[in-house]
1. Of these, Asp39, Asp65, which one is out of contact with any Lys or Arg (no Cβ under 7 Å at 6 or more places or on another chain) and assigned to a loop (DSSP other than H, G, I, E, B)?
2. How many residues are under 19 Å from Ile189 (Cβ atoms) and touching a strand residue (DSSP E or B) at 6+ places or on another chain (Cβ under 9 Å) when one looks only at the stretch 70-94?
3. Which residues, counting only those in the stretch 350-367, are assigned to a helix (DSSP H, G or I) and modelled with pLDDT under 85?
4. Specify the residue that is nearest to the chain's Cα centre (by Cα); the eligible residues are those in the stretch 394-406 that are at pLDDT 80 or above and not aliphatic (A, V, I, L, M).
5. How many of the residues in the stretch 152-170 are assigned to a helix (DSSP H, G or I) and in contact with a Gly (Cβ under 9 Å, 6 or more places away or on another chain)?
6. Please give the number of the condition Val89 fails out of (1) free of Cβ contacts under 8 Å to residues at least 60 places away in the same chain; (2) surrounded by 17 or more Cβ atoms within 10 Å (Cβ to Cβ).
7. Across the stretch 110-155, what is the total count of residues that are in contact with an Asp or Glu (Cβ under 7 Å, 6 or more places away or on another chain) and within 28 Å of Arg399 (Cα to Cα)?
Amino acid sequence: MAFLTHIKTKYSIWLVLVVITASSVFITSRYFKQGYFQDLRTRITGTRLLDAHKSAYFYKWQLGDDIRLLNFTERQTEIVNGNTVTPIVLLFTNYLHRLAYWQIVVIWYALGYLSLLSILLLIAQKIASHQYTKHQFLFAIACLFPFIVGWRFHCSSGQIYIHYTLLAVASLYAYTKNKKILAAILAGIVTAARLPYIIVFVPLFLFKKNNKMVVPYLAIIIVLCTVTSLTYGTQVWIDYFKAMPFYGFENMGTIPNIRNAFTINLPSYLEGMPTFKTPELVAYERLDTADIFSVQKLLILLHLPSSAAVLYTMYVFVMGLVFLFINKWHTRFYQQQKLFILFAMLLLLLLEYFLPARRYNYNFVQFLVIISVIVFFDIGMSQLAKWLLAIGILLNIFRVSWIPESYSLGEVLCIGAVMLTIIQSRKYEGSTTNAFNVVGGFVNKLLALLP
């Protein structure tokens, strides 16, 4: 009888996740006819350019070139072509670029949902295997991510952040299972693909018994860089580091445009995908989002300096204030490994608000790493922190027209919940709250016997 109950519960989890996924797919699948998954097109074009022995970061399509090398979103008036990912990411997409673009879109779309489901399963597995009953509500919150505006935008643009998130979550999961070599390798991969993740994983090496993680962490980064150089040549790295400052300069309006640009007349469909965006999708992608340019506009309005150096200085200043504020209420919190990792992930999310690059709602899917840290390391949350998190996520699902910048406000509330969690961690360590017992009880029935 116990075995039958075990099987029933196991399949109940899968049933819930299948229903959630199917509902989300129903919402996002319409983007196949509304746009061309612009960010994915940029990366695939970059890989194709490297295969054609052209610069993945500076080359612009010219009349007479293979139409497959055309990035629909590249602006002919700018010096760079829109590709911002590292050469290692282009190496990972190398196996796709020879397919027709519509096939690449379908595969990438499916891989995105596969990564999202994998994250949810890892969270569910951890809660069930360790009977972390106080974290059942967090699993319910994680299950709402397929419906947040950031995920829908992630799907419509063909973004890659969910794959970074999976690698980070899988690394932390392996770490809590004492598989530190595997954790270090996964951490090295995500750091090589997206450098800011070094903020999250290097702190792990500062604690005792983690020294053996340093070698595999650095080794996998060196191997990936070497393989990329052997595949595409060292020039790809030179172009990458040369191109990145231009995005900051152009986004900050400190570099002139190219005057000898020409207009490209595109057919309505190319490689099985539209080359246009419907007005509905354009309006949707212009929804409010918080980034450094919101701050820059405010500085300009106040007639204050707004250079990149000023913005980076502001980031350091804000991070210092955050550290001092948390440390005031939880002295020496940084000596606790799990709180230090949570704080490091908080710094990563806040860093993206201060980078001189456009930040959109899809970046917020990385908040799943924070949820995973809280669950994997069994960090207690107060009732107030849970309410802030719940309201923040709901504001990222439902647009509230009478609240200015409601999506951005939702992100701020979620970040506030993390800060409160660090501050109150001692008080709520090992405790449970009763404000969400209804949700927690339901989730508990699904998770209790999951292997």
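The values are calculated or read from the model by the stated rules, or taken from the named source; none is laboratory data. All values derive from a computational prediction rather than experimental measurement. Glycine also receives a Cβ, built like all others from the backbone with ideal geometry; neighbour counts cover every protein chain displayed.
1. Numbers: Asp39 fails: assigned to a loop (DSSP other than H, G, I, E, B).
Among Asp39, Asp65, only Asp65 is out of contact with any Lys or Arg (no Cβ under 7 Å at 6 or more places or on another chain) and assigned to a loop (DSSP other than H, G, I, E, B).
2. Looking only at the stretch 70-94, we keep the residues that are under 19 Å from Ile189 (Cβ atoms), and these are 84-94.
Subset that is touching a strand residue (DSSP E or B) at 6+ places or on another chain (Cβ under 9 Å): none.
The total comes to 0.
3. Within the stretch 350-367, Leu350, Leu351, Asn361 qualify.
4. Filtering first and then ranking leaves Asn396.
5. Going through the stretch 152-170 one residue at a time, the tally reaches 7.
6. For Val89, the failing item is (1).
7. Of the residues in the stretch 110-155, 1 are in contact with an Asp or Glu (Cβ under 7 Å, 6 or more places away or on another chain) and within 28 Å of Arg399 (Cα to Cα).
Matching residues to (1) closer than 30 Å to Gly35 by Cβ; (2) of a type outside the set (A, V, I, L, M):
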{"site": "Leu121", "(1), (2)": "yes, no"}
{"site": "Phe145", "(1), (2)": "yes, yes"}
{"site": "His154", "(1), (2)": "yes, yes"}
{"site": "Lys179", "(1), (2)": "no, yes"}
{"site": "Ala183", "(1), (2)": "no, no"}
{"site": "Leu195", "(1), (2)": "yes, no"}
{"site": "Val202", "(1), (2)": "no, no"}
{"site": "Ile220", "(1), (2)": "no, no"}
